[in-house]
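Read the structure below first, then the notes.
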Amino acid sequence: MEKIILKNADFEDQPNIDAYISRGGYKALEKALTMEPAAITDEVKKAGIRGRGGAGFPAGLKWSFIPKDTKKPIYLVCNADEGEPGTFKDRFIIERDPHLLVEGIAVSSYALKVKTAYIYIRGEFYKGAMMLEKAIEEAKAKGFLGSNVLGRDGVDIDIVVHRGAGAYVCGEETSLLESLEGKRGYPRLKPPFPAVVGAFGCPTVINNVETLAAVPWIILNGGAAYAKIGTEKSTGTKLFSVCGKVNKPGVYEVDLGYPFKKFLDEYCGGVKDGKKLKAVIPGGSSTPVLPAEEIEKVNLDYESIAAAGSMLGSGAVIVFDETDCMVEAITVLAHFYAHESCGQCTPCREGTAWMYRILQKIMNGEGKLSDIDLLYEICDNIMGKTVCPLGDAAAMPVVGFLNKYRHEFEYHIKNGKCDVKEKH
Ligand SMILES: Cc1cc2nc3c(=O)[nH]c(=O)nc-3n(C[C@H](O)[C@H](O)[C@H](O)COP(=O)(O)O)c2cc1C
Ligand code: SF4
């Protein structure tokens, strides 16, 4: 399997612009500048690449939503907020191969006629932010960024690194824009969509780090070559960040469609200490949990995971073994969402905090059987009824855990203790 995103990640001399260039770096930018901007968007469309930030929206299609006749500046924003529990693949790209991202942003900016691109990076990623600043300076010094890129008159591309303050909701694209504009990170109502009214009221494309890092390969090799990798509807490779009960946690790149079971055994070294696999959250903490017997049949692509009742999301795989208490796991996650709700809409503000309180009671053996129905009802009153998808992201995992592990909740309630902890 060819590595597209992590091809340079293991070299010791990384990250260094000369090393990057010696491995073919910035050749995609050179090639892109010989093409019409619209032809680059066409290649990205042909590649069929779906956004790697979570929702999986086709990148080329998103690019084509930018109004053709706009007199306003167009912005590109790279979303490097990466706040979903379990997700650490974008940080890996930034720290191992910052020039790949810089080149991806430069090519995409040329395609979209963007003169200023932003990288919105979460505040805690201090090292990553400094590495990106350095990479941008190096690229500027070699003429890959700045005015008249590689001697092409009128092609001016600047990249500005903007550090957030570290709120999960600022990864949501509209609150990211608010934060970028210097305001509090409250999500905006859509429509209008950012492609029409985005940063500073101007048309804006927002893409994930991994999405933009795939662009150089697509331009060098062609969209059709990319579309041949993976499955028909999930093209290309994907990074998966794996944590929890595995022998080798880390970030791995595989062709989409790779069987989960093989992935767990061959890449992640199997379940930690030879224990039994219990369950997996396949795509970041907002995606529904899948018990072992269901995840073992799944392939790592958008359709296969959706058919099993979950989502590929950002590709953050969280693994549970037989000793893990699922009531405890969802209580910890519920606490996170209650803490990260921005408070703008009542169902999310009140509902996430209420769910956490109920789950905490159940976990401590003080719950009632009617609390289970109440949790379902609260989730129902959050989902689809809020300004941004954080509400859904908080409710979906609760429904998933209740559906699949209701017996563990009932045991906690009826016996005032945890049967999993008792057994192990
Ligand atoms: C609460 C919340 C947090 C999000 N956090 C991120 C994030 O950290 N990084 C990211 O790329 N997308 C995140 N997203 C998705 C973005 O809103 C957006 O869809 C994505 O950046 C688009 O890029 P893509 O099309 O390349 O995937 C988040 C969405 C929600 C609702
Ligand atoms: S759903 Fe939650 S995080 Fe999103 S806008 Fe409403 S209150 Fe804020």
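Identification of helices (runs of 4 or more DSSP H) wholly contained in the stretch 189-234 with 3 or more residues that are within 11 Å of ligand 1 (Cβ to nearest atom) and surrounded by 17 or more Cβ atoms within 10 Å (Cβ to Cβ) yields 209-213. Take the conditions (1) modelled with pLDDT under 95; (2) within 14 Å of TYR26 (Cα to Cα); GLY154 misses just one of them, which is (2). Checked against the criteria, LYS62 does not count as in contact (Cβ under 8 Å) with a residue 40 or more places away in the chain and touching a helix residue (DSSP H, G or I) at 6+ places or on another chain (Cβ under 7 Å). Checking each residue in the stretch 381-396 for being more than 10 Å from ligand 1 (Cβ to nearest atom), part of a helix (DSSP H, G or I) and either in contact with a helix residue (DSSP H, G or I) (Cβ under 6 Å, 6 or more places away or on another chain) or of a type in the set (Lys, Arg) (or both) picks out ASN381, ILE382, ALA395. Residue count for the stretch 33-75, restricted to those that are within 11 Å of ligand 1 (Cβ to nearest atom), on the phi < 0 side of the Ramachandran plot and not in a helix (DSSP H, G or I): 8.
If you check GLY166 against the conditions, is it touching a strand residue (DSSP E or B) at 6+ places or on another chain (Cβ under 8 Å) and part of a loop (DSSP other than H, G, I, E, B)? Step through it out loud before you land on a result.
Details: touching a strand residue (DSSP E or B) at 6+ places or on another chain (Cβ under 8 Å): no; part of a loop (DSSP other than H, G, I, E, B): yes.
So GLY166 fails the test.
Checking TYR356, TYR376 one by one, the residue that is assigned to a helix (DSSP H, G or I), hydroxyl-bearing (Ser, Thr, Tyr) and surrounded by fewer than 16 Cβ atoms within 10 Å (Cβ to Cβ) is TYR376 and no other. Inspection of the stretch 90-97 identifies no residue that is more than 14 Å from ligand 1 (Cβ to nearest atom), surrounded by fewer than 15 Cβ atoms within 10 Å (Cβ to Cβ) and more than 23 Å from LEU150 (Cα to Cα). Among the residues making up the stretch 134-171, those that are open to solvent by 30 Å² or more (accessible area, probe 1.4 Å) and within 13 Å of ALA80 (Cβ to Cβ) are VAL160, HIS162, ARG163. Close Cβ contacts (under 6 Å, 6 or more residues apart or on different chains) running from residues in the stretch 179-205 that are within 14 Å of PRO73 (Cβ to Cβ) and within 16 Å of ligand 2 (Cβ to nearest atom) to residues that are modelled with pLDDT of 95 or more and open to solvent by less than 20 Å² (accessible area, probe 1.4 Å) comprise PRO194/THR204; PRO194/ILE206. Out of curiosity, is SER286 open to solvent by 10 Å² or more (accessible area, probe 1.4 Å), modelled with pLDDT of 95 or more and within 23 Å of the chain's Cα centre (by Cα)? For SER286, the condition - open to solvent by 10 Å² or more (accessible area, probe 1.4 Å), modelled with pLDDT of 95 or more and within 23 Å of the chain's Cα centre (by Cα) - is not met.
Considering the stretch 322-349, and only residues there that are assigned to a helix (DSSP H, G or I) and away from ligand 1 (no atom under 16 Å from the Cβ), the residue that is most open to solvent (accessible area, probe 1.4 Å) turns out to be VAL332.
The values are calculated or read from the model by the stated rules, or taken from the named source; none is laboratory data. All of these numbers come straight from a predicted model, not from anything done at the bench. Note that each Cβ is placed from the backbone with ideal geometry, even for glycine, and that neighbours are counted across all protein chains shown. These accessible areas exclude ligands, DNA and RNA; they are computed on the full protein's heavy atoms, side chains included. Shrake-Rupley method; radii C 1.70, N 1.55, O 1.52, S 1.80 Å.
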